[in-house]
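Asker: Quick one: this structure, given as C-alpha cells, is what I'll be asking you about.
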Protein chains: 2
Amino acid sequence: MSSASSLTAMRLVRARHSATTTASRLARPRCPAQLRSFSKLSGASTTKRTQTTTGAIRRLPSHFFLRALSGKPLPQRSSWILNFCYRGAAWVGTSLTVFGIGVFAFFAFDASTYKDHPIHGDIDVSKIALNPRRGGSKNLPVADAFIDDDDCEEKRALKDKPRLVILGGGWGGVALLKELNPDDYHVTVISPTNYFLFTPMLPSATVGTLEMRSLVEPIRRILSRVKGHFIRAKAEDVDFSHKMVEVSQLDAQGKETRFYVPYDKLVIAVGSVTNPHGVKGLENAFFLKDINDARMIRNKVIQNLELACLPTTTDEERKRLLSFVISGGGPTGVEFAAELVDLLNEDLTRHFPRLLRNEISVHLIQSRGHILNTYDETVSKYAEDRFARDQIQIMTNSRVKEVQSDKIIFSQKMADGTVVTKELPIGFCLWSTGVAQNGFCKTLSDKLGRSQTNRHALETDTHLRVNGTPLGDVYAIGDCSTVQNNVTDHIVTFLRHLAWKKGKDPETLQLHFSDWREVAQDVKKRFPQAVNHLKRLDKLFNEFDKDQSGTLDFGELRELLLQIDSKLTSLPATAQRAHQQGQYLARKFTRLSHMSEGLRVNEINDGDVDAAVHRAFEYRHLGSLAYVGNSAVFDLGNGWNFAGGLWAVYAWRSVYFAQSVSFRTRILMAMDWAKRGLFGRDLMSF
Amino acid sequence: MSSASSLTAMRLVRARHSATTTASRLARPRCPAQLRSFSKLSGASTTKRTQTTTGAIRRLPSHFFLRALSGKPLPQRSSWILNFCYRGAAWVGTSLTVFGIGVFAFFAFDASTYKDHPIHGDIDVSKIALNPRRGGSKNLPVADAFIDDDDCEEKRALKDKPRLVILGGGWGGVALLKELNPDDYHVTVISPTNYFLFTPMLPSATVGTLEMRSLVEPIRRILSRVKGHFIRAKAEDVDFSHKMVEVSQLDAQGKETRFYVPYDKLVIAVGSVTNPHGVKGLENAFFLKDINDARMIRNKVIQNLELACLPTTTDEERKRLLSFVISGGGPTGVEFAAELVDLLNEDLTRHFPRLLRNEISVHLIQSRGHILNTYDETVSKYAEDRFARDQIQIMTNSRVKEVQSDKIIFSQKMADGTVVTKELPIGFCLWSTGVAQNGFCKTLSDKLGRSQTNRHALETDTHLRVNGTPLGDVYAIGDCSTVQNNVTDHIVTFLRHLAWKKGKDPETLQLHFSDWREVAQDVKKRFPQAVNHLKRLDKLFNEFDKDQSGTLDFGELRELLLQIDSKLTSLPATAQRAHQQGQYLARKFTRLSHMSEGLRVNEINDGDVDAAVHRAFEYRHLGSLAYVGNSAVFDLGNGWNFAGGLWAVYAWRSVYFAQSVSFRTRILMAMDWAKRGLFGRDLMSF
C-alpha cells in the first residue's frame, strides 16, 4: 500500500512538473505554491523530478521550444474538463504558432513579389520585326517575325519551328494550347480579346454570383507554357495559296490597319455569334456571349430596379420595368433565369422596397415543347417543375416575332393546334436562341465554294481538316466547325480499296460477310462516331441482304450506309466538343512534329499524313448539366441522369471548379462563392 | 528499488494503454501484441490497468471520442523524433477535425443563405406614395411618402419623424449615416450612384491592385442601420421656402423627369468635380474621380500595351503609345504614377514583349516646386527621390497649356526664371489637378446671392449651416463646402454681447484684460479652429494694446482679430474633413432630436438652437499619407512624419484597411492583396 500511495503521489508530481516545464508556457502559468504543496507529498519523488528535468535539458534543448518534442506525459487531472481545457489550450497554442508561421511565410512571400527596378538593358529585336516586309496577294505588311521572338532562350529556340497559328482564344484554342508539347511549334494566337472566357459560368456573372474576372484568364498566361505569341486582332480572311492569315485591328486613331500573319498550320477556332433567326428589333434585346454582355445585363437589371424605386414611376411602368423576358430555353437561357430569380429572392428583398419583389415577373419563351430540350425528358421536366415553384412562367411552342423597346410579340401554338399571337411588356429581354456562323467563316466558306455546303459552319473531315483547303494546312474546331459524317459519300472509296485488293470492278463487286466486315472496319476508322451503330454486323448484313443472296451488292450496301448516316447527328455546339477537338489537335500536332523526321526519311511528303500518324477525331459525350435555381440537373447520357437541391448545386459547382482553366480562376471562384454566402450579391451598377 | 521498477513498468503500461484507447484512433493504431508484451512486465499493474479502464469508461464516455478529454499521459519514447512525430500527428489530426468542423459549419451556413421562395403576401403601400401630389413653386410631383415606408415595423415608426434628406453618398454623407442614432429621423439619401466609393484607394483600382467592387459599398446597405430610404437621382435645386429639394432622373426612355423631395433638415454633401483650370483639350485626358474613371483608365492602359505589340506599329508610334503623362502632383497623381509603375515593373514584364518595358516613359507635370506640396518638405523630397529611382520624370513649376490627342503642351519655369514651352507625346494623360464646384452648388450659390461670396464652395458658419438659408434647415459638408472663419466680421456681435452685459455702447467700449478674456472665450467657442492662436491671451493683449492704455479699443481689437483671421486657413478638401463633418452633424442631429422635447417645453423655437445644443465644428488633422511605389509616406502634422519601404506599404494598407467602410470591403481588400501576391495583376480589358 505504501508503494501504491507513493506511486499516486509520483504521478501527480510528474504531472505538475510537466505543466511547469513546457506546456504551461504555451498555455497558462501554474502557481509555484501549488507545486510545492504537491512536492511535499513524497521526498523521493522530488529528487526523481529534479533528475529527470536536468536529464531532459541535457538531452533535448529543443524540448523547451516545442511541446511536441517533449517526452514528458501530459498532466493528469481527475476532472476531464480540466484535461480538456489543458489539452485544448495546448492545441490552440500550437495552432496559433503554426498559423503565425503561415501568416509570416505569406508576408515574406508577398514581400518578395514587389519589384523595384525592371531589368533594363539591350534587347535583341530583329529588324524584320520592327520593319515588316510587304507581300501576299494584297501587298500588306507580313509579320514574319515578332518583337518578342528573341526575348528568352526558349523563344529563340522556337524561331525556326513550324508556325502554328490559332485563330480564337476560346475553348478549342485554349485546350489545344494546354495540351500541346511546348517545344515543337512557333505558336501564335490571334484573337480580338486577350482573355479566355469560362463560358459555362457566364450566367452567374450577370447577377454577381461570380465576379467577371473570376471567369477569365489572360491568353498570354496560358501561352507562356508553349512560349507563344499573342496578337490582339481580328481575323478577316485567309490566303490559302500564300499560307497567310489576313488580320485587322483598329489603331490608336481608330483607323483600320491590316496585315498578314504567315502559318504552316492554321487552326480556326473563332466560335460563333448569336443566331438572330431573322427577328426584328433585336437591338432592344441583350445577348449573353461575352463578358461585356454580362456586365451590360448586370447594369441593366440594377438600372431597372432603381427606376422602379422612384416616386414618379407609375405602377404600370414599374410592372413593365420589372418584367424580365428570356427568349430561348437552352442551358444559357435557363441558367440566366435561375440566377436572376436567385438574385431577386435572396438579395433584392434585403434592401429594396418589398413592393418591387411583388411586382416582378419572369417569363421564358421557348420554341420547342420543353425547356432544355436537348436533355433527357425527366431532366427538363424537373427543371420545369422547379421553375413553376420559382414563379418563372414558361411559354413553350412559342416563336418570337418582334422585340420592341417596351414589349415582345410572339406567337404560341396552343394545345389544340391553333396559333395565338401574344405580347408581353418587357423591362429587359435576353436573346439566347442558339448560334450562327460569324462573318469570317462566311468569307472562308464562300471562298472555298463547292467544298463547303453547310450554311451554318465550316465543314471538316473527321481529321478536322477544313474541306477544300490544302491537306494538313488548315483545321477548324469548336462552334465554327462541323465534322462531315457522310459515310455514304465515301462508299466508292471503301469499295475501290476492296476491289483493288481483289482485282475487281468496285461497281459490280459482291460483298460476302467477311468483305462487309472489312468495309465496316474501314468505316469505323474513318468515322469513329459510327462505331455505336456498327456493333451487330451480322444482324445488319442479314437485314440489308434483301434478296437473301448471302452477299451485299452496291445498292444494298448504299442503303445500309445511308441508314447509318441518318443516325449520325452533327456534334453539339458546346464547350465540351471544342475542348475535345482542341486536345485532339494538340496530340496530333505533337505526334506530327515528332514523326516528321521519319516521314521525311520515308519520303512521305504528300498524301494523308494526318491519317497516317493519328486516329480520326471521336467525340465522347461526358454529359450535360445545368443550374436551375438552388438545384441542378445532370444528364450523363444513356438515360443516366439526376437532379437535386443544394447538394446538386454543390456538385455542379465542383464539376466547373475542377474544369476551370487555372489555379487562379479556381481560387477566385471559391472566393466569390464564399463572398456570396457571407455578404450576398451587391446591387451596384458601374 | 522494487517499488521503482514496478513504477516504471506501470508508467509504460499506462502510456501504451492510453495509446490504444483514444489517441491511437486519431493518429495510428498500435499492435495489440505489443500491448500484451508490455502488460506481462507486471501482474499488479495489469489488474490496475483494467480497473482504470473500466473506471474511465464509466466516468467519461466522451473519453473515447476526443483525445483532449483523456486523462492518460501521452506515450513516451526515448527518441524525441518519435515523440515529435506522435505529437505532430495528434496535432494534425485534431487540427483536421477542427478544420473539417469549420468547413462543415461554413457550408451549413452557406446552405442556409439560399432562399427558394420570396415572402409574398399583401404589402401596405400608401396611396400617396403611388400617386404623389403636385406642388412647390414648379408644380412638380412631391414625394411626401415612399413605397417602402410601411415595409417593416421600424420603418413605420419613423414615418412621422423629422425628415432628414442627405444629398450625396460620399464620405460626408456616409459618416453621417454611420454615426446617426437610428430612431430619430426619417432619413433619405439622394445620389446619382447607389454606392459609396472609398476614394483614397481609387488609384489602386486603375491597374488592378484592388478590384473595383472592393472599394465600393451599396448605400442601401449602409442605410439599413437607420432604416433609411434611397433615391438614385441628381439634385438640381433647392426650394428653401417650401423646404423641398428638386431632383431629376432620366426615365427608361431617356426622358428627364423632375420631382420634389421635402425635408426638415437638408444636408448637402455632393462633393466636387475635377478642376479644368481652363485648359483646352481635356476631352483627350482621363480623370480619376469615379469608379468608371478607374475602369476606363485600366482599359486604356491595356489597350495601349496591346497596340504597342502589333507588328504594324512603328517604333515612334510605340513610344507615343507607351508615354504616360500625369498632370498634377497631388496625392491622386502621385499614387496613380506609383501604381502604374508597379504594374509595368511587376506584371508587364512577365508576359508582354520585353521591348515594351524598355520604351515606356512616365512623366509627372506639377505646377508647384515639389510634388505632394501640401505635405511636409522632407516627405515630398523622399517621394521625389523614390520617383527618380523608378524612372518617373517630374517636371516641376510647369503649367499645362493644352492637351491634344497625341501630345501635351506645357510651359515650364526654369531655375533662371525663364519660361520655356515644351511638349511631350502622350499615349495616355491623367488630369488630376484639384477640385472645383459642381453645377448644383453653383445654382445654390447664385440663388443665395450676397450671403455666398466664395466662388469655389458653399460657405457655411462654424455650425456647418449654409450661410443665407433659414437657420437650422440646410447644412453643407465635405468638398462642396467651406467653413467661414472670418472672426473679424463677428466683432460687433462679441462686443454687443459684452456691452449689453455692461450696459454700454459697443463702439465706445474699452476692453480690460478680463473683458478681453471673455471675448476670447466667445471667439474660441464660435471658431474652434482659432483655439491654437488664442493660447497666450496676455501676450496678445500687450502686443495689440499699442497705446499701452491697459485697455483695447475697437480699432485695436479689430487688428488683433484680423491677425487671427489671417492665420486660419480654409479646411483641406479631403475625405478626412468630410468624414469629421459628417460625424459632427450626426452627433448634433441626435442631440437636437433628444433635446427637442425640452426645447419645445421651454418655448425655444427660434434662435441659435444648434449653438445651444452642441459645440461648433472643429477640424482635427490626423495626418496625410500617400503611396509612392513599394514605399509609403506619412505626414502626421507638427513635423511628425516618416517614410519607408515595404513595411510602410503594409502600414499604409493597414490604415486604409481599418478605415474601410464595412467588414465586406475589408475582406475583399485583403483578398485582393493576397491575389496580387499570388497571381499578379491581370492585364485584361473589358
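Asker: Quick one: how many residues across the range B:253-263 are part of a loop (DSSP other than H, G, I, E, B) and over 19 Å from B:GLY169 (Cα atoms)? Spell out how you get there, then give the answer.
Answerer: At the first step, the residues of the range B:253-263 found to be part of a loop (DSSP other than H, G, I, E, B) are B:253-255, B:263.
Remaining after also requiring over 19 Å from B:GLY169 (Cα atoms): B:253-255.
Looking only at that region, the number is 3.
Asker: Further, regarding this structure: Name the residues in the range A:660-674 that are part of a helix (DSSP H, G or I), touching a residue at least 60 places away in the same chain (Cβ under 8 Å) and not hydroxyl-bearing (Ser, Thr, Tyr), would you?
Answerer: The answer is A:ARG664, A:LEU668, A:MET669, A:MET671, A:ASP672, A:TRP673.
Asker: Suppose the filter is of a type in the set (A, V, I, L, M), within 14 Å of another protein chain (Cβ to nearest Cβ), within 30 Å of A:GLY173 (Cβ to Cβ) and crowded, with 18+ Cβ neighbours inside 10 Å; does A:ALA285 pass it?
Answerer: On the way: of a type in the set (A, V, I, L, M): yes; within 14 Å of another protein chain (Cβ to nearest Cβ): no; within 30 Å of A:GLY173 (Cβ to Cβ): yes; crowded, with 18+ Cβ neighbours inside 10 Å: yes.
So A:ALA285 does not fit the description; no.
Asker: Taking B:ASN641 and the conditions (1) outside any helix (DSSP H, G or I); (2) under 20 Å from B:ARG213 (Cβ atoms); (3) not hydroxyl-bearing (Ser, Thr, Tyr), which numbered condition does it fall short on, given that it satisfies the others?
Answerer: Exception for B:ASN641: condition (2).
Asker: Name the residue that is nearest to the other protein chains (Cβ to nearest Cβ), counting only residues in the range A:652-686 that are in contact with a Ser or Thr (Cβ under 7 Å, 6 or more places away or on another chain) and of a type outside the set (A, V, I, L, M).
Answerer: Only one residue fits best here, namely A:GLY677.
Asker: Another question about this same structure. Among the candidates A:ASP446, A:ASP461, single out the residue that is within 27 Å of the chain's Cα centre (by Cα) and either of a type outside the set (Val, Ile, Thr) or surrounded by fewer than 19 Cβ atoms within 10 Å (Cβ to Cβ) (or both).
Answerer: Details: A:ASP446 fails: within 27 Å of the chain's Cα centre (by Cα).
So the residue among A:ASP446, A:ASP461 that is within 27 Å of the chain's Cα centre (by Cα) and either of a type outside the set (Val, Ile, Thr) or surrounded by fewer than 19 Cβ atoms within 10 Å (Cβ to Cβ) (or both) is A:ASP461.
Per-residue answers, yes or no, for (1) at pLDDT 95 or above; (2) farther than 24 Å from B:ALA575 by Cβ; (3) within 10 Å of another protein chain (Cβ to nearest Cβ):
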| position | (1), (2), (3) |
| --- | --- |
| B:GLY330 | no, no, no |
| B:ASP347 | no, yes, yes |
| B:PRO353 | no, yes, yes |
| B:ARG357 | no, yes, yes |
| B:VAL362 | yes, yes, no |
| B:ILE365 | yes, yes, no |
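Asker: Can I ask one more? From the list B:THR551, B:THR590, exactly one residue is among the β-branched types (Val, Ile, Thr), over 30 Å from B:GLY330 (Cβ atoms) and more than 32 Å from the chain's Cα centre (by Cα). Which is it?
Answerer: B:THR551
Asker: Moving on to the next point. Which one of these does B:ALA383 not meet: (1) without any contact (Cβ under 8 Å) to a residue 12 or more places away in the chain; (2) outside any loop (DSSP other than H, G, I, E, B); (3) small (Gly, Ala, Ser)?
Answerer: B:ALA383 satisfies every listed condition except (1).
Asker: In the range B:434-451, what residues are within 21 Å of B:ALA578 (Cβ to Cβ) and at pLDDT below 90?
Answerer: Of everything in the range B:434-451, those that are within 21 Å of B:ALA578 (Cβ to Cβ) and at pLDDT below 90 turn out to be B:GLY434, B:VAL435.
Asker: Would you pick out the residues in the range A:174-199 that are surrounded by 23 or more Cβ atoms within 10 Å (Cβ to Cβ), away from chain B (no Cβ under 12 Å) and within 12 Å of the chain's Cα centre (by Cα)?
Answerer: Once the filter is applied, which keeps residues that are surrounded by 23 or more Cβ atoms within 10 Å (Cβ to Cβ), away from chain B (no Cβ under 12 Å) and within 12 Å of the chain's Cα centre (by Cα), the range A:174-199 yields A:VAL174, A:ALA175, A:PHE198.
Asker: Could you say which residue among B:SER411, B:SER405 is among the hydroxyl-bearing types (Ser, Thr, Tyr) and either crowded, with 18+ Cβ neighbours inside 10 Å or without any contact (Cβ under 8 Å) to a residue 40 or more places away in the chain (or both)?
Answerer: After ruling out the rest, the residue left standing is B:SER411.
Asker: For the range B:325-353, what are the residues that are over 23 Å from B:GLU402 (Cβ atoms) and small (Gly, Ala, Ser)?
Answerer: The one that is over 23 Å from B:GLU402 (Cβ atoms) and small (Gly, Ala, Ser): B:ALA338.
Asker: Let me ask something else about it. If you go through the range B:218-247 one residue at a time, how many are outside any helix (DSSP H, G or I), more than 8 Å from chain A (Cβ to nearest Cβ) and in contact with a Ser or Thr (Cβ under 7 Å, 6 or more places away or on another chain)? Talk me through it step by step, then tell me what you get.
Answerer: Our first condition is that a residue be outside any helix (DSSP H, G or I); within the range B:218-247, this holds for B:218, B:227-247.
Cutting the leftovers down to more than 8 Å from chain A (Cβ to nearest Cβ) gives us B:227-229, B:234-247.
Then drop every residue that is not in contact with a Ser or Thr (Cβ under 7 Å, 6 or more places away or on another chain), which leaves B:228-229, B:234, B:236-237, B:239-240, B:242.
So the answer is 8.
Asker: Do you know which of the residues in the range A:384-394 that are surrounded by 19 or more Cβ atoms within 10 Å (Cβ to Cβ) and of a type in the set (A, V, I, L, M, F, W, C) is nearest to the chain's Cα centre (by Cα)? Full working, then the answer.
Answerer: The first filter runs over the range A:384-394 and keeps only residues surrounded by 19 or more Cβ atoms within 10 Å (Cβ to Cβ), leaving A:384, A:386-387, A:390, A:392, A:394.
Checking which are of a type in the set (A, V, I, L, M, F, W, C) leaves us with A:387, A:392, A:394.
Working: A:PHE387: 26, A:ILE392: 28, A:ILE394: 28 Å.
Result: A:PHE387.
Asker: Okay, moving on. For the range A:525-550, give me each residue that is part of a loop (DSSP other than H, G, I, E, B) and buried (at least 17 other Cβ atoms within 10 Å of the Cβ).
Answerer: A:PHE527, A:ASP545
Asker: Still on this structure, I have one more. If only one of A:THR257, A:THR274, A:THR313 is under 32 Å from the mean Cα position of the chain (by Cα) and hydroxyl-bearing (Ser, Thr, Tyr), which one is it?
Answerer: Checking each option against the conditions leaves just A:THR274.
Asker: Continuing with this model, one more query. Among all residue pairs at least 6 apart or on different chains, which show Cβ distances below 8 Å where the first residue, located in the range B:121-141, is more than 11 Å from chain A (Cβ to nearest Cβ) and over 18 Å from B:ASP239 (Cα atoms) and the second is aromatic (Phe, Trp, Tyr) and surrounded by 17 or more Cβ atoms within 10 Å (Cβ to Cβ)?
Answerer: none
Asker: Let me ask something else about it. For the range B:210-252, which residues satisfy the criterion of being crowded, with 21+ Cβ neighbours inside 10 Å and among the hydroxyl-bearing types (Ser, Thr, Tyr)?
Answerer: B:SER214
Asker: Can I ask one more? From the list A:ILE408, A:ILE371, exactly one residue is in contact with a helix residue (DSSP H, G or I) (Cβ under 9 Å, 6 or more places away or on another chain), under 26 Å from A:PRO200 (Cβ atoms) and outside any helix (DSSP H, G or I). Which is it?
Answerer: Matching residue, one of A:ILE408, A:ILE371: A:ILE371.
Asker: While we're on this one: Go over the candidates B:ARG600, B:ARG591 one by one and state the one that is assigned by TED's automatic domain parsing to the domain that holds B:THR574 and modelled with pLDDT of 90 or more.
Answerer: After ruling out the rest, the residue left standing is B:ARG591.
Asker: Another question, then. Among B:GLU507, B:GLU423, which is part of a helix (DSSP H, G or I) and more than 27 Å from B:PRO572 (Cβ to Cβ)?
Answerer: Details: B:GLU423 fails: part of a helix (DSSP H, G or I).
Exactly one of B:GLU507, B:GLU423 is part of a helix (DSSP H, G or I) and more than 27 Å from B:PRO572 (Cβ to Cβ), namely B:GLU507.
Asker: So, in the range A:330-383, of the ones that are among the hydroxyl-bearing types (Ser, Thr, Tyr) and surrounded by 23 or more Cβ atoms within 10 Å (Cβ to Cβ), which residue ends up nearest to A:GLY639 (Cα to Cα)?
Answerer: Initially, the range A:330-383 is screened for residues among the hydroxyl-bearing types (Ser, Thr, Tyr), giving A:332, A:349, A:361, A:367, A:374-375, A:378, A:380, A:382.
Imposing the further condition that a residue be surrounded by 23 or more Cβ atoms within 10 Å (Cβ to Cβ) reduces the set to A:332, A:375, A:380.
Numbers: A:THR332: 22, A:TYR375: 10, A:SER380: 13 Å.
Only one residue tops the list, namely A:TYR375.
Asker: May I ask you to list the residues in the range B:628-658 that are touching a residue at least 24 places away in the same chain (Cβ under 8 Å) and exposed (fewer than 15 other Cβ atoms within 10 Å of the Cβ)?
Answerer: Across the range B:628-658, the qualifying residue is only B:GLY639.
The values are calculated or read from the model by the stated rules, or taken from the named source; none is laboratory data. Keep in mind that what you see is a predicted model, and the values were worked out from it rather than measured. Every residue, glycine as well, gets a Cβ built from its backbone with ideal geometry; the counts of neighbours run over all protein chains shown.
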